[in-house]
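Here the structure comes first, spelled out in structure tokens, and everything after it is commentary.
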Amino acid sequence: MKTHLLCLELLLLAGHMLVASGQLEPKKQMPQQPLSVTQRLGLVERDVQGPVRSNITMPRRRLPPMCTGPTEIRDTFKYINTVVSCLVFVVGIIGNSTLLRIIYKNKCMRNGPNILIASLALGDLLHIIIGIPINVYKLLAEDWPFGVTLCKLVPFVQKASVGITVLSLCALSIDRYRAVASWSRIKGIGVPKWMATEIALIWILSIILAVPEAIAFDMITMDYKGEHLRICLLHPMQKTDFMRFYKSAKDWWLFSAYFCLPLACTAIFYTLMTCEMLRKKNGVQIALSDHLKQRREVAKTVFCLVLVFALCWLPLHLSRILKLTIYDEKDPNRCELLSFFLVLDYIGINMASVNSCINPIALYMVSKRFKNCFRSCLCCWCLPAEMLMDEKQSCMKLKVTDRASDQSNSRMTNKSTTA
């Protein structure tokens with residue numbers, strides 16, 4: 001009996017020594033918590049890199065303690081983003097489809113700038129229909145059930161839509177300068193032949209620039225606490241050198257080409273347009289005062305669209321650039337800064353989504369023509385029949401006014417050249 005007790009004490013002592021030396025760990029029950037974004041990214045990196053071999057000594061990197069705030073912030077903004085996305089979906093579909101219908105139905109609205117605005121509205125409509133519902137599901141659920149095709153299609157459509165917006169705003173700024181610089185060549189009514197080519201080039205270039213997004217995004221499957229997860233994300237391990245470079249320089253590329261480019265283009269061509277309008281103070285320009293007012297209204301509308309674009313996309317780009325420049329993931333005191341960046345990031349995502357539906361609202365507030373057309377198209381049930389007839393006849397009056405203005409412009413230009 002004493003021999004059995006002595007053996008049992010020796011076994012307990014040996015087990016205690018193994019636990020103390022770290023060779024044997026007692027099992028601990030892990031709390032069943034929902035998988036956060038940070039945990040998913042960490043699991044993805046370990047899953048992509050593969051299992052660690054037992055015969056290789058891996059250097060251990062001491063990581064700073066995990067932050068608890070970001071999970072609470074994510075849970076708070078998850079429902080805010082859902083509500084904002086639903087509002088953007090409803091308002092964006094109604095506003096952009098109405099805008100397309102106005103330009104298609106009214107011949108007096110079919111001119112160069114409005115065709116570019118229609119192209120911009122069509123790009124926003126594609127993003128709203130395809131991207132927003134899937135993004136809402138991705139925000140609320142951890143698993144991705146839509147497959148690889150939609151995993152690549154959604155970011156592709158998003159980047160193509162932003163590219164169409166950016167290039168259309170640049171084309172509108174150039175068109176406004178060209179309208180002021182060449183009075184007799186640019187007509188108020190009708191679509192120039194080169195406009196169709198310009199819009200086709202805008203869409204083709206936007207699609208080409210969005211192709212890397214479709215290549216970079218992929219779906220990864222993994223097991224976590226007995227749950228089989230499928231995650232759609234920008235793959236951390238790209239296959240080609242170009243895609244690795246694109247992944248590392250993506251934020252800078254988006255900031256320069258998809259944000260700074262339309263602002264710089266608008267600043268340059270609107271400055272040239274202002275100088276051109278101040279330089280021409282002869283009799284021809286005085287005679288063109290009526291037509292000049294119309295073109296100033298269009299220029300003000302385009303400037304408003306660019307300003308709305310800048311305000312909507314500034315928080316998201318600011319968050320990404322600050323994260324690249326001043327954020328250090330090894331800093332143990334980084335949690336407050338990370339919380340600020342996450343709040344700014346979620347606000348930026350909401351503001352960028354709002355940009356897809358706000359252009360029709362901006363046109364309604366700035367342009368008298370679009371305001372009349374929106375009222376006649378959307379508010380038929382609340383307007384009297386006489387007012388509806390006045391709204392429908394307003395386009396015809398504007399068309400006659402533009403034609404008379406163009407004829408007077410050409411006569412005054414001919415007189416000034418012969419004098």
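For a quick check: with amide H placed at 1.01 Å from N, whose amide H comes under 5 Å from ASN106's, ignoring anything fewer than 5 positions away on the same chain?
none
Hey, got a sec? Which trypsin sites (Lys or Arg not before Pro) in the stretch 85-125 land in a DSSP loop and have at most 11 other Cβ atoms within 10 Å? Let's see the in-between values first.
Numbers: sites: ARG101, LYS105, LYS107, ARG110; in loops: ARG110.
Within the stretch 85-125, no trypsin sites (Lys or Arg not before Pro) qualify (loop, at most 11 other Cβ atoms within 10 Å).
Would you order GLU142, GLU213 from fewest to most other beta-carbon atoms within 10 Å of each residue's own beta-carbon?
Working: GLU142 15, GLU213 20.
Fewest-to-most Cβ neighbours within 10 Å comes out as GLU142, GLU213.
Can you give me the pair-distance distribution of the stretch 103-222, C-alpha pairs, 5 Å bins, whole percents?
Taking every Cα pair in the stretch 103-222, the percentages come to 2, 11, 17, 18, 15, 11, 9, 7, 5, 3, 2, 1, 0, 0.
Going through the stretch 195-246, which trypsin sites (Lys or Arg not before Pro) have at most 11 other Cβ atoms within 10 Å and a DSSP loop state?
Numbers: sites: LYS225, ARG230, LYS239, ARG244; in loops: LYS225, LYS239.
Answer in residue order: LYS225, LYS239.
With 18 Å as the limit, write out which pairs from LYS78/LYS138; LYS107/LYS193; LYS152/LYS239; LYS159/LYS323 have Cα-Cα distances beyond it, or answer none. Kindly include the intermediate steps, with their values, before the conclusion.
On the way: LYS78/LYS138 10 Å; LYS107/LYS193 16 Å; LYS152/LYS239 16 Å; LYS159/LYS323 21 Å.
Where the Cα-Cα span goes over 18 Å, the pairs concerned are LYS159/LYS323.
Would you mind estimating how fast the stretch 188-261 diffuses translationally, via Stokes-Einstein at 10 °C and 1.306 mPa s with the Kirkwood radius over Cα pairs, in µm²/s? Could you put the intermediate results ahead of the total?
Numbers: Rh = 15.6 Å.
Estimated diffusion coefficient is 102 µm²/s.
Please work out the C-alpha center-to-center distance from the stretch 308-347 to the stretch 228-278 and express it in whole Å.
17
For SER367, what is the net charge nearby, where nearby means another residue's Cβ is under 9 Å from its Cβ and Lys, Arg count +1, Asp, Glu -1? Walk me through the numbers before you get to the answer.
Details: positive: LYS300, LYS368, ARG369, LYS371; negative: GLU297.
Value of the local net charge: +3.
Output wanted: per-residue J couplings in Hz (rounded whole) for the stretch 196-205, from phi through Karplus 6.51 cos²θ - 1.76 cosθ + 1.60, θ = phi - 60°, x for Gly and Pro.
Per residue, the Karplus-derived 3J(HN,Hα) values read 4, 5, 5, 5, 4, 5, 4, 5, 5, 5 Hz.
Residues with amide H under 5 Å of ASP143's amide H, sequence separation 5 or more or different chain, H placed in the peptide plane at 1.01 Å from N; which?
none
Once you put a point 7 Å from the Cα of SER256 and another 7 Å from the Cα of PHE340, both along the Cβ direction, what distance in nm separates them?
2.7
Tell me the GluC sites (Glu not before Pro) within the stretch 295-345 that lie in a loop according to DSSP and have at most 15 other beta-carbon atoms within 10 Å.
When the GluC sites (Glu not before Pro) of the stretch 295-345 are filtered for loop state and at most 15 Cβ neighbours within 10 Å, GLU329 remain.
Just so you know, all these numbers are worked out from the coordinates, no wet-lab data involved. Quantities reported herein were computed from a predicted structural model and do not represent experimental measurements. Because the Cβ atoms are built from the backbone with ideal geometry, glycine has one as well, and the counts that use them run over all protein chains shown.
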